[in-house]
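*Asks:* Right, I'll just put the structure down here and ask away after.
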Amino acid sequence: MVRPLVGMWDDQTRYRVIDPVSGRSEVVTIMGTEEELKDPRFLEEIEHYAQESVAKGWKKVRDKPHMNDQQVKELPHILRDIKSSKRYKRENLHGRWW
C-alpha cells in the first residue's frame, strides 16, 4: 500500500514533501522562470513530480532495524569475525568454506 504524501510551499522556490504518518519531510528546490512559477498548471505538475521523486528516494532507503540488548553486546564479536574472515580470504585467495 502506498501512503499518500502531502506537500506545502516553504517559499516561492522550495516545496516541502511530508509523510503524514511518520512525520518525515524533505525539501525540494523548484527551478523555473517567473512565468512558470506563476502558472498554476505548472505548479501542480511540479508538486506531483516532487512527491513522486521523494517517494522513490525514500523507497530506496530502508529503516535501520532495532537491535535488542543481546544483539548490541554480540555486535563487536560478529564484526571481529567478519574482519578476520576477510583477512583470511585476502591472504589465502579463498574463503574458509568451500
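*Asks:* So, of the residues in region 17-47 that are surrounded by fewer than 12 Cβ atoms within 10 Å (Cβ to Cβ) and among the polar types (S, T, N, Q), which turns out to be modelled with the highest pLDDT?
*Replies:* The qualifying residue modelled with the highest pLDDT is T29.
*Asks:* Condition check: surrounded by fewer than 13 Cβ atoms within 10 Å (Cβ to Cβ), part of a helix (DSSP H, G or I) and of a type in the set (S, T, N, Q). Does Q51 satisfy that?
*Replies:* When the stated conditions are applied, Q51 does not pass them.
*Asks:* Has region 35-42 got any residue that is in a loop (DSSP other than H, G, I, E, B) and either in contact with a strand residue (DSSP E or B) (Cβ under 8 Å, 6 or more places away or on another chain) or within 21 Å of Q12 (Cβ to Cβ) (or both)?
*Replies:* For region 35-42, residues in a loop (DSSP other than H, G, I, E, B) and either in contact with a strand residue (DSSP E or B) (Cβ under 8 Å, 6 or more places away or on another chain) or within 21 Å of Q12 (Cβ to Cβ) (or both): present.
The values are calculated or read from the model by the stated rules, or taken from the named source; none is laboratory data. If you're wondering where the values come from, they're calculated on a predicted model, not measured in any experiment. Quick reminder, even Gly has a Cβ in these numbers, built from the backbone with ideal geometry, and neighbours come from all protein chains shown.
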